[in-house]
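Taking it in order: structure first as structure tokens, then the write-up.
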Amino acid sequence: EGQGVVEPGEEFRELVDAIRAQILAYRDPETGESVVQNVYLPSSIYSGDQIEHAGDLQLSFKSVYRTSWETSLGAVPNHVLVANLKKWSGDHSASDASDTAGVFICNRSIKEDHPDILDIAPTLYRLFDVEIPAEVDGRPLTLTKRSRPGGE
């Protein structure tokens with residue numbers, strides 16, 4: 001519902017907590033394995049003035065599960081779990097961020113440890129000598145100067 005069906009406040013928090021617990025408790029009926037790795041509240045993973053537009057819950061799946069092909073196209077499958085008969089490749093499967101840290105590739109060294117995807121925007125602002133807006137998340141990375149071929 002566009003305006004919701006539960007009053008904001010305690011009633012909402014109790015319902016979200018109950019739904020979250022049920023999702024985390026769900027098991028694959030064939031294997032008994034849990035399907036969902038975590039269910040996040042927006043405030044635990046997002047920040048900024050647009051957080052109110054985030055979904056009430058954000059799911060991350062265990063490594064062998066993902067959103068179905070039908071679901072990603074807007075359909076609703078007949079069952080909660082559907083066997084995948086296609087190769088999973090290059091999609092956004094809602095893996096948990098702790099499992100998918102990613103790789104940072106750059107043609108310069110960086111001084112900071114543990115760069116984050118949120119650091120890309122402020123780094124680009126700095127590289128183009130543009131003031132970094134206060135609402136931009138992340139930190140600008142410090143890139144070393146490029147060395148020229150032949151040591152110039």
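Within the stretch 23-56, track down each residue that is surrounded by fewer than 14 Cβ atoms within 10 Å (Cβ to Cβ) and either of a type in the set (A, V, I, L, M, F, W, C) or within 23 Å of Gly138 (Cα to Cα) (or both).
Ala25, Ser43, Ser44, Ile45, Ser47, Gly48, Asp49, Gln50, Ile51, Glu52, His53, Gly55 - these are the residues of the stretch 23-56 that are surrounded by fewer than 14 Cβ atoms within 10 Å (Cβ to Cβ) and either of a type in the set (A, V, I, L, M, F, W, C) or within 23 Å of Gly138 (Cα to Cα) (or both).
Consider only pairs whose beta carbons are under 8 Å apart and that are at least six residues apart or on different chains; among these, list those whose first residue lies in the stretch 104-133 and is farther than 14 Å from Thr144 by Cβ and whose second residue is among the aromatic types (Phe, Trp, Tyr).
From the stretch 104-133, the pairs are Glu131/Tyr125; Ile132/Tyr125; Pro133/Tyr125.
Does Leu124 satisfy being part of a helix (DSSP H, G or I), out of contact with any Cys (no Cβ under 6 Å at 6 or more places or on another chain) and either open to solvent by 70 Å² or more (accessible area, probe 1.4 Å) or of a type in the set (Phe, Trp, Tyr) (or both)?
yes
I'd like the full set of residues that are open to solvent by 100 Å² or more (accessible area, probe 1.4 Å) and without any contact (Cβ under 8 Å) to a residue 24 or more places away in the chain, limited to the stretch 65-87.
Leu73, Val76, Asn78, His79, Leu85, Lys86, Lys87
Quickly run through the stretch 1-19 and pick out the residues that are in a helix (DSSP H, G or I) and closer than 30 Å to Val136 by Cβ.
Phe12, Arg13, Val16
With within 18 Å of Gly4 (Cβ to Cβ) and in contact (Cβ under 8 Å) with a residue 12 or more places away in the chain as the only criterion, which of Ile23, Ile19 stands out?
Ile19
Under 6 Å between Cβ atoms, at least 6 apart or on separate chains: pull out the pairs that start in the stretch 2-14 with a residue that is surrounded by 10 or more Cβ atoms within 10 Å (Cβ to Cβ) and end on any residue that is not charged (D, E, K, R) and not in a loop (DSSP other than H, G, I, E, B).
Val6/Phe12; Val6/Leu15
If Asp56 satisfies every condition in (1) assigned to a loop (DSSP other than H, G, I, E, B); (2) charged (D, E, K, R); (3) at pLDDT below 85 but one, which is the exception?
Unmet for Asp56, out of (1) assigned to a loop (DSSP other than H, G, I, E, B); (2) charged (D, E, K, R); (3) at pLDDT below 85: (3).
The values are calculated or read from the model by the stated rules, or taken from the named source; none is laboratory data. These figures come from a predicted structure and were not determined experimentally. Virtual Cβ from ideal backbone geometry, glycine too; neighbours counted across all protein chains shown. Just so you know, the surface numbers come from the protein's heavy atoms only, side chains and all, with ligands and any DNA or RNA stripped out. Shrake-Rupley method; radii C 1.70, N 1.55, O 1.52, S 1.80 Å.
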